[in-house]
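> One structure coming up, written as structure tokens, with questions to follow.
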Amino acid sequence: MKIAVSGKGGVGKTTISAFLIQVLADRGRQVLAVDADPSPHLARALGFPQAKNIRPIVEMRDLIQERSERCGSFYRLNPKVSDLPGRFMVQRGNIKLMVLGAVQQGGAGCACADNAVLRALLNTLLLSPNEDIVLDMEAGVEHLGRGTIASVDHLLIVIQPYRGSLETANKIQTLGRDLKIDHLEVVANQIQGHKDLDYIEKYLKVKPIGIFFASDEVREAERAGTPIYDSSSRLTKSAQELLTVLEHTK
Ligand SMILES: Nc1ncnc2c1ncn2[C@@H]1O[C@H](COP(=O)(O)OP(=O)(O)O)[C@@H](O)[C@H]1O
Ligand SMILES: [Mg+2]
């Protein structure tokens, strides 16, 4: 199963990705975790040793320059990237992790060449036939292109019971419809009670397919700087339930 996790910054994409990845790994699956967030934290959430030392591909400027063959505003549309997973992937048990990062919007220079390398790499990773894939990404999905997003089985939009995250979810839904993506699903995070769920359903007019409660254990793990993925048995259960629903939705 290939799952992409999107949503406004801070809604809990990395947290939910980490729980989903660990539950898949505990089921004996080979899991490929891809961190495509501009500020990547998935390695830490998953308890990878040396998480701090893993450099996102997007920050390897020489490599990006070499592969994109960028010259002024010209660059390769199909850069060679097939050797990069072998060189830069890190592994813990049956979880492999690749940290791509993302091009910061409004940054200096042309983002197109960088995006071409990241997109090619992501497409290569998504072709992997024998692994489950969880892609932790940012809110915007348009730079990834329709082809990339269409090749995931589920595009999850994480929301919290606050207007800001629901507005972003609406934008992602519109974008998804424009890209003709029909496998968009909403997952609610930091839920404290039924009032939160009522508010979400009223605003979005859809029922979330997964619910993750606000967890003191996750807060404590985050504050202590310890891994998140196994910090709360309640959220592990939420991830198990969500995966079961996803398996039956396609
Ligand atoms: N269900 C939850 N319960 C408690 N804290 C949470 C929960 N989900 C996320 N958090 C906390 O909220 C913050 C943002 O979560 P994170 O997963 O990093 O968001 P994102 O990846 O969307 O930016 C983190 O400090 C995380 O520990
Ligand atoms: Mg994140």
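The values are calculated or read from the model by the stated rules, or taken from the named source; none is laboratory data. Quick caveat, the model's predicted, so the values are computed rather than measured. Don't worry about glycine lacking a Cβ; one is built from the backbone with ideal geometry, like all the others, and counts go over all protein chains shown. Ligands, DNA and RNA are stripped out before the accessible areas are found, and what is left, the full protein with its side chains, is counted by its heavy atoms. Shrake-Rupley method; radii C 1.70, N 1.55, O 1.52, S 1.80 Å.
> Of all residues in region 109-138, which are within 17 Å of the chain's Cα centre (by Cα), farther than 16 Å from VAL31 by Cα and among the hydrophobic types (A, V, I, L, M, F, W, C)?
The answer is LEU118, ALA120, LEU121, MET137.
> Here's another thing I want to ask about it. What single numbered condition from (1) under 24 Å from MET1 (Cα atoms); (2) out of contact with any Gly (no Cβ under 7 Å at 6 or more places or on another chain) fails to hold for GLU66?
With (1) under 24 Å from MET1 (Cα atoms); (2) out of contact with any Gly (no Cβ under 7 Å at 6 or more places or on another chain) applied to GLU66, the lone miss is (1).
> Hey, among the residues in region 121-141 that are open to solvent by 20 Å² or more (accessible area, probe 1.4 Å) and among the hydrophobic types (A, V, I, L, M, F, W, C), which one's nearest to ALA102 (Cα to Cα)? Quick ask: steps written out before the conclusion?
So in region 121-141, the residues open to solvent by 20 Å² or more (accessible area, probe 1.4 Å) come out as 123-124, 127-131, 138-140.
After this cut, where a residue has to be among the hydrophobic types (A, V, I, L, M, F, W, C) as well, the list is 127, 139.
Numbers: LEU127: 20, ALA139: 11 Å.
Ranking the candidates gives ALA139 first.
> Specify the residue that is farthest from the chain's Cα centre (by Cα); the eligible residues are those in region 13-53 that are open to solvent by 50 Å² or more (accessible area, probe 1.4 Å) and within 16 Å of ligand 2 (Cβ to nearest atom).
To start, the set of residues in region 13-53 that are open to solvent by 50 Å² or more (accessible area, probe 1.4 Å) comprises 26-30, 39, 41, 44, 49-50, 52-53.
Then keep just the ones that are within 16 Å of ligand 2 (Cβ to nearest atom); that gives 39, 41, 44, 52.
Working: SER39: 12, HIS41: 11, ARG44: 14, LYS52: 19 Å.
This residue is LYS52.
> Sticking with this one: For TYR199, state whether it is more than 14 Å from ILE16 (Cα to Cα), open to solvent by 50 Å² or more (accessible area, probe 1.4 Å), modelled with pLDDT of 95 or more and of a type in the set (Ser, Thr, Tyr). Talk me through it step by step, then tell me what you get.
Details: more than 14 Å from ILE16 (Cα to Cα): yes; open to solvent by 50 Å² or more (accessible area, probe 1.4 Å): yes; modelled with pLDDT of 95 or more: yes; of a type in the set (Ser, Thr, Tyr): yes.
When the stated conditions are applied, TYR199 passes them.
> Could you say which residue among SER17, SER73, SER68, SER82 is closer than 21 Å to ILE159 by Cβ and either of a type in the set (S, T, N, Q) or without any contact (Cβ under 8 Å) to a residue 60 or more places away in the chain (or both)?
Numbers: SER73 fails: closer than 21 Å to ILE159 by Cβ; SER68 fails: closer than 21 Å to ILE159 by Cβ; SER82 fails: closer than 21 Å to ILE159 by Cβ.
The unique qualifying residue is SER17.
> A follow-up question, please. Exactly one condition in (1) surrounded by fewer than 14 Cβ atoms within 10 Å (Cβ to Cβ); (2) away from ligand 1 (no atom under 13 Å from the Cβ); (3) under 14 Å from VAL11 (Cβ atoms) is not met by VAL186; state its number.
Going through the list (1) surrounded by fewer than 14 Cβ atoms within 10 Å (Cβ to Cβ); (2) away from ligand 1 (no atom under 13 Å from the Cβ); (3) under 14 Å from VAL11 (Cβ atoms), VAL186 breaks only (1).
> Collect the residues in region 216-241 that are open to solvent by less than 50 Å² (accessible area, probe 1.4 Å), touching a strand residue (DSSP E or B) at 6+ places or on another chain (Cβ under 7 Å) and either more than 16 Å from ligand 2 (Cβ to nearest atom) or of a type in the set (Val, Ile, Thr) (or both), keeping them in residue-number order.
SER238
> For region 193-211: of the residues being in a loop (DSSP other than H, G, I, E, B) and farther than 16 Å from VAL158 by Cβ, which is nearest to the chain's Cα centre (by Cα)?
The residue in question is LYS205.
> To continue, here is another question. Return yes or no: is LEU20 more than 8 Å from ligand 1 (Cβ to nearest atom), out of contact with any Cys (no Cβ under 6 Å at 6 or more places or on another chain) and in a strand (DSSP E or B)?
No, not satisfied.
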